[in-house]
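The values are calculated or read from the model by the stated rules, or taken from the named source; none is laboratory data. The structure displayed is predicted, hence computed values, not measured ones. Because the Cβ atoms are built from the backbone with ideal geometry, glycine has one as well, and the counts that use them run over all protein chains shown.
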Amino acid sequence: MALLPEAAIAHYREHGYYAPIKVMSAAEVEGIRRKLEAHETAHGLLKGSMRHKSHLLFTWLDGLIRHPAILDAVESVIGPDILCWSSSFFIKEARDPGFVSWHQDSTYWGLDPADIVTAWVALSESTAENGAMRVIPDTQTLEQVAHRDTFAADNLLTRGQEIAVDVDDSKAVMLQLQPGEMSLHHVRLIHGSDPNPSAKRRIGFAIRYLPTHVRQIVGTNDSATLVRGVDRYSNFAPEYAPESDLSDAAIAFHAHVMGDQQKVLMRNTQASAMR
């Protein structure tokens with residue numbers, strides 16, 4: 001087991017993030033990207049709810065959320081009993097106006113306590129050229145900050161949510177990653193990213209991990225996938241890995257799970273579907 005070195009753990013604790021972390025070989029990440037783009041060629045770009053909890057639909061993404069190198073790093077910061085609560089693709093096409101506004105992940109998730117980490121896995125280069133993620137160090141120490149919903153067309157977030165207070169951009173740090181690297185960031189850390197004006201796709205897969213003692217406090221139904229250790233709390237209904245890509249059973253289960261999660265993420269809005 002190759003857990004993060006103490007200096008990396010200390011950096012995460014102090015500043016709310018750590019990067020880069022090499023988790024896959026070039027061959028591994030190329031294999032995953034090839035499967036994604038083969039699906040896109042056959043069926044079109046992933047849209048709507050298919051971009052979220054995609055590990056319940058595709059075996060190769062179920063494998064990714066369980067990747068030992070990813071889980072070793074995650075265990076370093078949240079402990080050995082780990083649930084995957086969600087996953088999301090953040091894909092910016094070439095010359096894409098899509099962006100991610102300054103926000104905290106925790107805003108609409110309804111999870112308590114905030115002992116939650118996002119592993120942002122680069123399936124392509126993620127650089128200054130194509131709109132890499134930027135973070136505001138040390139903001140993980142903040143409580144939940146007020147946000148406003150914009151539902152802006154080019155905002156990649158579910159509600160287009162953005163921090164309702166001024167953010168000092170001069171303090172931002174860009175987390176540039178190569179394919180097969182990832183970053184870790186705390187659920188309270190303020191972060192965002194700019195559009196991609198380049199000729200290269202930017203493909204990221206964000207995996208949300210939490211220790212098993214975390215609970216859902218605003219929704220009546222929620223589920224998660226146990227990926228390491230033991231769940232002694234049973235705060236979330238168990239999720240099931242797909243037996244094959246886009247099987248009928250996987251599609252039906254994913255639709256059921258996303259219906260429950262949508263009620264949490266879209267509460268108090270008139271919106272009817274995730275983008």
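Suppose we filter the range 174-215 for residues that are part of a strand (DSSP E or B), out of contact with any Ser or Thr (no Cβ under 9 Å at 6 or more places or on another chain) and either within 21 Å of Thr107 (Cβ to Cβ) or hydroxyl-bearing (Ser, Thr, Tyr) (or both); how many remain?
3
Inclusion of Ile190 among residues that are touching a helix residue (DSSP H, G or I) at 6+ places or on another chain (Cβ under 6 Å), modelled with pLDDT under 95 and not polar (S, T, N, Q) is warranted. Screening Ala114 on (1) modelled with pLDDT under 95; (2) surrounded by 20 or more Cβ atoms within 10 Å (Cβ to Cβ) shows it passes everything except condition (2).
For Asp96, the test of being over 13 Å from the mean Cα position of the chain (by Cα), under 25 Å from Leu4 (Cβ atoms) and surrounded by fewer than 23 Cβ atoms within 10 Å (Cβ to Cβ) is failed. Residue-level check: of (1) out of contact with any Ser or Thr (no Cβ under 7 Å at 6 or more places or on another chain); (2) outside any helix (DSSP H, G or I); (3) among the hydrophobic types (A, V, I, L, M, F, W, C), Val77 misses just (2).
Hey, any hits in the range 128-143 for a residue that's assigned to a loop (DSSP other than H, G, I, E, B), at pLDDT below 80 and surrounded by fewer than 21 Cβ atoms within 10 Å (Cβ to Cβ)? Scanning the range 128-143 turns up at least one residue that is assigned to a loop (DSSP other than H, G, I, E, B), at pLDDT below 80 and surrounded by fewer than 21 Cβ atoms within 10 Å (Cβ to Cβ).
The rows are residues; the columns are (1) surrounded by fewer than 13 Cβ atoms within 10 Å (Cβ to Cβ); (2) within 24 Å of Gly259 (Cβ to Cβ).
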position	(1), (2)
Ala26	yes, no
Ile32	no, no
Glu37	no, no
Phe58	no, yes
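Remark: pairs (first residue in the range 226-244, at pLDDT 95 or above; second residue surrounded by fewer than 13 Cβ atoms within 10 Å (Cβ to Cβ) and in a strand (DSSP E or B); Cβ separation under 6 Å; 6+ apart in sequence or on different chains) are absent. Looking across the range 8-33, just one residue is touching a Ser or Thr at 6+ places or on another chain (Cβ under 6 Å) and over 24 Å from Ile203 (Cα atoms), and that is Ile9.
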